[in-house]
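First up is the structure itself, then whatever we jot down about it.
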Amino acid sequence: MAWSRSSEAGPERPVMVPVELHQASVTRSSLETLGQATLLAQELETSVLAVVLGPETSTVASTVTQQGAQRLLFCPSDSGATVGAGGFAELLAEVAERFRPSGILMAATPWGQERAARLATRLHLGLASSVTAWNLGEDGKLEVSRPVYGGRLVEQVEFDRQEIPFLTLRPGLFPVAEGLGNGRAETVKLDLPPTTARTASLVETILRSENERPLAEASVVVSGGAGMGGPEGFRVLEELAEAVGAAVGASRAAVDSGWTEPERQVGQTGTVVSPDLYIACGISGAVQHRAGIRTSRFIVAINIDPQAPIFRFADVGIVGDLFQVVPALTAELKQRRVHT
Amino acid sequence: MRIIVCFKQVPDTSARLRVEPGSLEPHRAGLLPVVNPYDEFALEEALRLRDSGHEAEIILLTLVTEPVDESLFHGLAMGADRAIVLRLPAGTASAPLVTTRILAAEIEPLRPDLIFCGERAVDDDAAQVGPGLAEMLNLPQICGAERAEVDETGRMIRARCRRPSAGEVFTSDLPCLVSFVRGESLPRYPSLDDVFNAGDKPVETREITPADAEPPQRVALLAPRETRAGRTIEGEPEDAVEQLLSDPDGMVSFL
Amino acid sequence: MPIDFTLSPEQKELQRAAREFSLEVLKPVVAQADSCPDPFEAFQMTQEAYKKSYEMGLAFGFIPKKYGGGGATNIDLQIVSEEICAVDPGFGCTLLVNGLGLFPLIWWGSEEQKMKWLTKATSDPDKTFIVGWVVSEPEGTAGFDHPGEHPTGIQVTADFDRQTNEYVLNGRKMWNTNATGWDLKGADLNVVVARTDRTKGGKEGLSCIIVPRGVDGFRVEEVLDKLGHRLTVQPRLIFENCRVPAENLIAGTKDNGDLAITRAFTWSGPVAGIAAVGVMRSAFEFALEWSNTYTAGGQHPIIHHQNVGYMLANMKMKIEAARYLSWRAAHYLDAFDYEGMEAGALAKIYGGELSVEVINEAMRLVGINSYIKDYPLEKHMRDALCFPIYDAGNMGMQRRRLHGIIAHADYNPMALAQNLRQEFVKAMHGFDSDPGHKLRIA
């Protein structure tokens, strides 16, 4: 690439964070990413440049500065929605040409991953995706951890001193802190040519049911497996999920049997989750499922089979009929909520 | 219509993986290779497109460092028409950027109408080659698709994609790249006839010279701790629930 | 190094497809069907899986391509059958008997008969076409070659009516897998071995007759309620003046029904052998997983104990030996166009009897916990107990045939080892059924 890291460090070589918007606000995962970018920028002794594909709004500006961005660039002429990944790569490559960032961070959401991959290719930068931990060594090497083999193993990769790290961060893992920024950020103006990249058009958004919380960033997940015995089994889980504000997940077995939607699948070929609490009901605990829940902070398993592998990978387990245990748990939790 | 399906072979996705101390690769002995499940989803969608009435030539394309006969066979048995195997010397790694460049060079002269691939491969889990190919070949991309349909003119594709809070439907002119996640239909089982016919389908193999490594570089591979305390509670449901919730450091502290 | 135990790419793919089918389509119905108290309902629960297997070409894979089948070899069937039977041998039996019923037609039918009936089997739009093999009777099958005239041995008669050019069947059959069809009204095709000449003994008086679904005079009397293999159906049947056109008699089987029986059960020998291997394999995998995780209240898994290791080793030896004997028998059948009576019998006996031993060992290794329905070994044992006594029982038919072969003047003990053909003659059905057999002690 045209520039490398170690040559002129300083505030002119910011850590760049293309920010994701959802319904005109900054997504939580982008806030997490900005927070990490601020920490990295501090260690690199530089600043954070947040790039928003969209019109300048004060709410976005203030949110982003609270996370530590010192400079904001809005690209109002092409809003993110119409530009597509190809256009995104074009625009951000232009920005990168001008600012020559010392690093690029994005959230590893579907939106972020597909754009990061395209941009990294365009800039010919190495990309580490779905990063779960990072560390800047004294030698200037950036070491980064990320899950591989479907989550069964973790690799540590290193960007050398002069290499520009491009990372996407696992959503839901890093904290959103307050007050990282000093509240004053400079808005940068930049004239960007219109994009020529060919793009797909978003023609329809299918909202999921209101009660359906998204899995990827949920802090509590309640999941059902082969033990559900059928689609009706999931109702019991949905009641528990409602009681604790959890997202509902499923093992591949339950999805393959047609008992619940594929969007709920947790595991190697589904969603990888990092909740604070994961409750596995009637799930035996196959390797592929475990890979998807490994970074959960606390795992509870409920299964009628005392030999189910899941019990060895849970923090605590209940051996019993989930159709009795789960309703009892729901009832007890509802009662406690009433009292607190 | 010409559809190229990018195909990768990965270690058995249902196996527990071990890493010998100091090794940068998982221990391979006894590990069966399988087709990357996401690539199987992509191939299934290509086959469904053809089943729905579009005449299509479906070509498997793969970059390998080891024998891939079985995976390739499976793809051909499922219904692909032919395969192109690009072979790197055994033991050479190929970073996503490098893979992308090699595949793009191979794909360009073939002028496909569609490029289908899995959203990620269950080995490096990078999810980069798809968008990377779209960038290098200057194509529109639709990522994370569960289902794709091409209209009667054969010039436009419509794909429903999975997103965290909603489904999103995209359309695009052809040529286009689409990456797939698990869809509604499970990849088909080849029939006996399919299996016996697969051996006759053309497979073209080409040797590729390895390129330089690209950052970042793997410096360690770890098998994270999987087993946990595993304390089990038995007894009547109400009692079990009582026990579960009475531990102040247990489940309740995470609610 | 000519002997090659490696699977070809086609065979690996077959194995993979069969394994995925068995785990993803068949397995979900097994527990429920196995525990269903009504044996016919249990069978009906397998229909969706059967349709899928039909779609995949597994239900009639053995039929030559010319008639719409898969043209699979016996070795190909070994690979597929082991995977299916590792999940449930009852379902495997359903597919097995399609072969038992149709092979006599493939071997001895006229070209018109083959074209007519085989293509029907391979082109069913409902994908439910099923074939019954109707040989066994309440008095057993083992006496099929009894030299006495009717009523001895096979006692269902098929009398030729010259005026209507029909055969009229009368009598009772029992244990005829698939014969009920999916609705108790009959399999699409039942291939019946009946006595066409009442005056001659079993070696000359039997023939195979095709009884299609819907003919009058055929009825299911009862569906048998079995200890294991509960996903497959075996009924008692009654033929009462059941009339079929004379052309339904499978041409080359006239007076050679005995050969049809022996040759069919020779073909199924390796299949039954590998079915037993599949069940043993599942039991072994469970016992191994158990040994690696169960601590019996101690500080480490029981596999640390020598006895457990030795038992697992014993089991493994038997499984591998049975598998390769079955493969060898299948290979021999492929090499000699199904003329492999010794090989088929050896494979069938060995796999089946070892499976009972091996599962018993697995149960003793796991201990009393294996005795409850929470764990799979009790089902494996119930299924395995069938192997020595079904599909031509090991005593009455398989060993009897081996005795007949081994005692015959033309027997070559090295034929299998040297891959040489051994011609089978009727005298070899059994030592005791043929007057003048070699080595008769005066």
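The table for this structure:
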quantity: The range A:244-270 residues that are among the basic types (Lys, Arg), paired with ones that are buried (at least 20 other Cβ atoms within 10 Å of the Cβ) and in a loop (DSSP other than H, G, I, E, B) (beta carbon under 6 Å, 6 or more apart); calculated: A:ARG252/A:GLY267
quantity: Within the range A:201-223, tally of residues that are within 24 Å of A:ARG294 (Cα to Cα) and either within 12 Å of another protein chain (Cβ to nearest Cβ) or part of a loop (DSSP other than H, G, I, E, B) (or both); calculated: 11
quantity: Filter pass, C:GLU247 being out of contact with any helix residue (DSSP H, G or I) (no Cβ under 7 Å at 6 or more places or on another chain), at pLDDT 95 or above and not in a strand (DSSP E or B); calculated: yes
quantity: Top-ranked residue of the range B:235-255 - restricted to ones that are touching a strand residue (DSSP E or B) at 6+ places or on another chain (Cβ under 7 Å), part of a helix (DSSP H, G or I) and within 7 Å of another protein chain (Cβ to nearest Cβ), ranked as farthest from A:ALA120 (Cα to Cα); calculated: B:ALA240
quantity: Identity of the residue in the range C:413-442, of a type in the set (D, E, K, R) and modelled with pLDDT of 55 or more, that ends up nearest to C:MET397 (Cα to Cα); calculated: C:ASP432
quantity: Residues (within 26 Å of B:LEU103 (Cβ to Cβ) and away from chain A (no Cβ under 13 Å)) located in the range B:12-31; calculated: none
quantity: Residue list for the range A:134-180, filter: in a loop (DSSP other than H, G, I, E, B), surrounded by fewer than 17 Cβ atoms within 10 Å (Cβ to Cβ) and of a type outside the set (Lys, Arg); calculated: A:GLY137, A:GLU138, A:ASP139, A:GLY140, A:GLN162, A:PRO175, A:VAL176, A:ALA177, A:GLU178, A:GLY179
quantity: The range C:9-58, subset more than 10 Å from every other protein chain (Cβ to nearest Cβ) and part of a loop (DSSP other than H, G, I, E, B), residue surrounded by the fewest Cβ atoms within 10 Å (Cβ to Cβ); calculated: C:PRO37
quantity: Search result, residues across the range B:173-203 that are away from chain C (no Cβ under 11 Å) and under 30 Å from C:PHE21 (Cβ atoms); calculated: B:VAL178, B:SER179, B:PHE180, B:VAL181, B:ARG182, B:GLY183, B:GLU184, B:SER185, B:LYS201, B:PRO202
quantity: Candidate set: the range B:204-234, residues that are in contact with a strand residue (DSSP E or B) (Cβ under 9 Å, 6 or more places away or on another chain) and more than 7 Å from chain A (Cβ to nearest Cβ); chosen: the one farthest from B:SER94 (Cα to Cα); calculated: B:GLU204
quantity: Residue match in the range C:209-227 (condition: in contact with a Phe, Trp or Tyr (Cβ under 6 Å, 6 or more places away or on another chain), surrounded by 18 or more Cβ atoms within 10 Å (Cβ to Cβ), touching a residue at least 24 places away in the same chain (Cβ under 8 Å) and part of a loop (DSSP other than H, G, I, E, B)); calculated: no
quantity: Residue in the range A:247-262 that is under 24 Å from the mean Cα position of the chain (by Cα), at the interface with chain B (Cβ under 9 Å from one of its Cβ atoms), among the basic types (Lys, Arg) and under 28 Å from C:PRO376 (Cβ atoms) present; calculated: yes
quantity: Strands (runs of 3 or more DSSP E) wholly inside the range A:1-96 containing at least 3 residues that are modelled with pLDDT of 90 or more; calculated: A:15-19, A:48-52
quantity: Test for C:THR164: is it surrounded by 15 or more Cβ atoms within 10 Å (Cβ to Cβ) and either of a type in the set (A, V, I, L, M, F, W, C) or closer than 15 Å to C:VAL244 by Cβ (or both); calculated: no
quantity: Test: residue in the range A:224-238 that is in the same structural domain as A:SER274 (by TED's automatic domain parsing), surrounded by 17 or more Cβ atoms within 10 Å (Cβ to Cβ), assigned to a strand (DSSP E or B) and in contact with a Gly (Cβ under 8 Å, 6 or more places away or on another chain); calculated: yes
quantity: Number of the exception - A:GLU186 against (1) under 24 Å from A:HIS22 (Cβ atoms); (2) more than 9 Å from chain B (Cβ to nearest Cβ); (3) modelled with pLDDT under 90; (4) touching a strand residue (DSSP E or B) at 6+ places or on another chain (Cβ under 7 Å); calculated: (1)
quantity: Of all residues in the range C:64-86 being farther than 17 Å from C:PRO270 by Cα and part of a loop (DSSP other than H, G, I, E, B), the one that is farthest from the other protein chains (Cβ to nearest Cβ); calculated: C:PRO64
quantity: Checklist (1) touching a strand residue (DSSP E or B) at 6+ places or on another chain (Cβ under 6 Å); (2) more than 22 Å from C:ALA17 (Cα to Cα); (3) within 10 Å of another protein chain (Cβ to nearest Cβ) applied to B:VAL122, failing item; calculated: (2)
quantity: Search result, residues across the range A:311-340 that are within 17 Å of A:GLY229 (Cβ to Cβ) and not acidic (Asp, Glu); calculated: A:GLY320, A:LEU322, A:PHE323, A:GLN324, A:VAL325, A:VAL326, A:PRO327
quantity: Cross-chain or 6+ apart pairs with Cβ under 7 Å, the range B:26-40 first and without any contact (Cβ under 8 Å) to a residue 12 or more places away in the chain, then acidic (Asp, Glu); calculated: B:HIS27/B:GLU20
quantity: Test: residue in the range B:51-73 that is small (Gly, Ala, Ser), in contact with a Gly (Cβ under 7 Å, 6 or more places away or on another chain) and not in a loop (DSSP other than H, G, I, E, B); calculated: no
quantity: The range B:74-104: number of residues that are in contact with a helix residue (DSSP H, G or I) (Cβ under 9 Å, 6 or more places away or on another chain), part of a helix (DSSP H, G or I) and not charged (D, E, K, R); calculated: 11
quantity: Any chance A:LEU153 is outside the structural domain of A:VAL266 (by TED's automatic domain parsing) and in contact (Cβ under 8 Å) with a residue 24 or more places away in the chain; calculated: no
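This table checks each residue for (1) of a type outside the set (Lys, Arg); (2) outside any loop (DSSP other than H, G, I, E, B); (3) in contact with an Asp or Glu (Cβ under 9 Å, 6 or more places away or on another chain).
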| position | (1), (2), (3) |
| --- | --- |
| C:HIS229 | yes, no, yes |
| C:VAL233 | yes, no, no |
| C:LEU237 | yes, yes, yes |
| C:THR295 | yes, no, no |
| C:GLN299 | yes, no, no |
| C:ASN307 | yes, yes, no |
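Rundown of residues vs (1) away from chain B (no Cβ under 12 Å); (2) touching a strand residue (DSSP E or B) at 6+ places or on another chain (Cβ under 7 Å); (3) of a type in the set (A, V, I, L, M), yes/no style:
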| site | (1), (2), (3) |
| --- | --- |
| A:ALA69 | yes, yes, yes |
| A:LEU72 | yes, yes, yes |
| A:VAL95 | yes, yes, yes |
| A:PHE99 | yes, yes, no |
| A:SER102 | yes, yes, no |
| A:PRO110 | no, yes, no |
| A:ALA116 | no, yes, yes |
| A:ARG122 | no, no, no |
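The values are calculated or read from the model by the stated rules, or taken from the named source; none is laboratory data. On a predicted model such as this, the values are computed, not experimentally measured, just so you know. So basically every Cβ, Gly included, is an ideal-geometry build from the backbone, and we count neighbours across all protein chains shown.
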